[in-house]
Structures are given as C-alpha cells and as structure tokens.
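Data first, discussion second: the structure below is written as structure tokens.
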Amino acid sequence: MTKELLKDIIEWDTVNWSQVLRFWEDKYPIKNKNYSCLELGARRGGLSLWLALNGNRVVCSDYNLPVDQAKPIHDKYECSDKVVYASIDATEIGLKNEFDVVAFKSILGGIESEKYENIKQRVIDEIYDSLKPGGVLLFAENMTSSFIHRFMRKYFVKWGGRWNYLKYKDIEVLLNRFSSIEFITLGFFAAFGRTEGQRRFLGKIDKVFKLFIPKSKRYIVIGIAKK
C-alpha cells in the first residue's frame with residue numbers, strides 16, 4: 001500500500017491508526033469476498049475506500065450525506081462503482097440483518113442526541129441489529145487515555161471538551177451482545193503532535209514504548225466483534 005493511499009484511508013496519525021487495517025485483515029480477511037458493508041461516520045470515506053478496493057460492496061454513510069467529500073477520493077482510485085452514499089443516523093440505523101460488515105473509526109465520542117441517555121450503547125445496539133448472523137463490527141475509537149491527554153484535549157483541542165471519549169473499562173460492556181470480541185489498544189505520544197509530520201515521528205516513539213504504557217492509558221482501541 002502506498003503512503004498516499006494509506007493517507008487517504010486513515011487521514012490522521014497514520015503510524016498508529018494504520019495498524020487497524022492489519023489487525024482487521026488478520027482477524028477477518030475481506031479481500032474479494034463481495035461482502036455487503038456499511039461505513040458509519042464516513043466523512044471522506046476512507047474505510048469505504050479500503051473496503052471497496054478489496055472487492056466489497058459498500059454503503060458509505062454519515063449523518064449528512066458524504067458524497068461531496070467522499071466520492072472524489074473513490075473516483076481517484078476508480079472504485080466508485082462499488083460504493084453508494086447514504087445519510088444515516090448511527091443511533092437510528094433501522095435495518096435488520098442487512099450487512100456482513102459494519103466499520104467505523106473515531107465516531108462514538110462525537111455523536112450527540114437528546115433522545116438517548118447512553119448514546120454509545122444505542123449505536124452499538126443498532127449496529128448489532130443491522131449485521132447478519134455471523135457478521136462483524138470492525139471498530140477503531142479514541143479512548144479517554146491518561147490525565148495529560150484529557151487536560152490537553154480540554155484546553156488545546158477545540159472539540160475536546162465536548163467529545164465523549166470511550167473508557168477502557170466500558171469496551172466489553174458495550175459489546176456484550178456479540179458472540180466474540182477481540183481488541184487491542186495502542187498509541188500515546190502521537191496524540192500530542194500538531195502536524196502529521198510530528199505525529200509520524202511520535203508514532204514511531206509509541207511503537208518503542210508500547211510495552212511500558214498501560215493498556216488503559218493508550219489513546220486508541222481497535223477491534224473486531226462478531227455477531
């Protein structure tokens with residue numbers, strides 16, 4: 001995979017977040033399976049791009065129709081014929097036994113709703129219902145991480161104060177309806193990078209110090225849950 005393609009799929013802190021692709025592919029091979037897939041919170045459609053390039057059919061969705069941002073990327077790699085675009089509220093997917101794969105990256109903390117008290121659980125339950133029996137959720141999400149992460153987000157990230165970061169202890173609780181769950185956590189220093197160059201450098205430091213950072217203090221969780 002070229003650096004340009006990886007950047008178009010992952011977008012941010014590619015050293016750390018790109019590990020999600022290797023993890024998912026090792027646990028659930030998707031190449032040329034013609035799976036029916038849904039990306040939630042797609043924005044620029046990076047995961048839809050990855051799924052489509054691997055020979056699957058994809059619904060690229062976001063709360064607001066993502067076609068203007070995502071289709072140019074898919075056209076660039078000549079895979080738009082495998083992608084359709086939809087406006088989907090992740091708290092009200094409203095589909096049953098529809099998809100082989102549902103995938104998302106960094107969306108749970110940003111979803112807001114006055115209708116549901118536990119929004120994260122509502123989203124996961126909607127995903128579960130939308131999956132076919134034996135289907136999988138491929139997820140990657142930002143975690144609360146350490147005190148210094150919480151402090152820096154609150155004062156130096158414009159959305160950090162309102163983002164509802166996922167707690168390590170809540171991961172298995174959220175996914176308890178699934179028949180199996182596998183996940184790992186990673187990343188620490190790269191979250192503090194202000195440019196992608198800085199994040200690449202700090203991401204390499206993350207790999208060196210990975211064993212010394214407690215699992216619950218890392219800032220990314222990536223995993224797979226099977227219905």
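Could you tell me how many of the residues in segment 107-134 are β-branched (Val, Ile, Thr) and closer than 12 Å to ARG177 by Cα? Matching residues across segment 107-134 total 2.
In the set (1) under 23 Å from TRP163 (Cα atoms); (2) open to solvent by 10 Å² or more (accessible area, probe 1.4 Å); (3) among the hydrophobic types (A, V, I, L, M, F, W, C), the condition left unmet by PHE23 is number (1). Within segment 47-73, the residues that satisfy the criterion of being surrounded by fewer than 24 Cβ atoms within 10 Å (Cβ to Cβ), in a helix (DSSP H, G or I) and not polar (S, T, N, Q) are ALA52, LEU53, VAL67, ASP68, LYS71, PRO72, ILE73. I'd like to know if segment 74-89 contains one or more residues that are part of a loop (DSSP other than H, G, I, E, B), open to solvent by 40 Å² or more (accessible area, probe 1.4 Å), under 26 Å from THR144 (Cβ atoms) and free of Cβ contacts under 8 Å to residues at least 40 places away in the same chain. Yes, some residue in segment 74-89 is part of a loop (DSSP other than H, G, I, E, B), open to solvent by 40 Å² or more (accessible area, probe 1.4 Å), under 26 Å from THR144 (Cβ atoms) and free of Cβ contacts under 8 Å to residues at least 40 places away in the same chain.
Let's see how each residue does on (1) of a type in the set (Gly, Ala, Ser); (2) under 18 Å from the mean Cα position of the chain (by Cα):
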{"site": "TRP50", "(1), (2)": "no, yes"}
{"site": "GLY55", "(1), (2)": "yes, no"}
{"site": "VAL58", "(1), (2)": "no, yes"}
{"site": "TYR63", "(1), (2)": "no, yes"}
{"site": "VAL67", "(1), (2)": "no, no"}
{"site": "ALA70", "(1), (2)": "yes, yes"}
{"site": "THR91", "(1), (2)": "no, yes"}
{"site": "GLY94", "(1), (2)": "yes, no"}
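Among the residues making up segment 184-203, those that are in contact with a helix residue (DSSP H, G or I) (Cβ under 6 Å, 6 or more places away or on another chain) and either surrounded by fewer than 19 Cβ atoms within 10 Å (Cβ to Cβ) or of a type in the set (Ser, Thr, Tyr) (or both) are THR185, GLY193, ARG200.
Output the residue which, of all residues in segment 36-46 that are surrounded by 20 or more Cβ atoms within 10 Å (Cβ to Cβ) and in contact with a strand residue (DSSP E or B) (Cβ under 6 Å, 6 or more places away or on another chain), is nearest to ASP75 (Cα to Cα). By that ranking, first place goes to GLY45. For segment 10-61, the candidate set comprises residues that are at positive phi and in contact with a helix residue (DSSP H, G or I) (Cβ under 7 Å, 6 or more places away or on another chain); within that set, the residue that is modelled with the lowest pLDDT is ASP13. In segment 209-217 there is no residue matching the filter, namely being among the β-branched types (Val, Ile, Thr) and either touching a strand residue (DSSP E or B) at 6+ places or on another chain (Cβ under 7 Å) or assigned to a helix (DSSP H, G or I) (or both). Right, GLY109: open to solvent by less than 20 Å² (accessible area, probe 1.4 Å), at pLDDT below 95 and not charged (D, E, K, R) or not? Answer is yes for this residue.
Among SER130, SER36, which is over 30 Å from ALA191 (Cβ atoms) and in contact with a Lys or Arg (Cβ under 6 Å, 6 or more places away or on another chain)? Of the residues listed, the single one that is over 30 Å from ALA191 (Cβ atoms) and in contact with a Lys or Arg (Cβ under 6 Å, 6 or more places away or on another chain) is SER36.
The values are calculated or read from the model by the stated rules, or taken from the named source; none is laboratory data. It should be emphasised that the depicted structure is a prediction, and the values quoted were computed from it without experimental measurement. Backbone-built Cβ (ideal geometry, glycine too); neighbour counts: all protein chains shown. Just the protein is used for accessible areas: all its heavy atoms, side chains included, with ligands, DNA and RNA removed. Shrake-Rupley method; radii C 1.70, N 1.55, O 1.52, S 1.80 Å.
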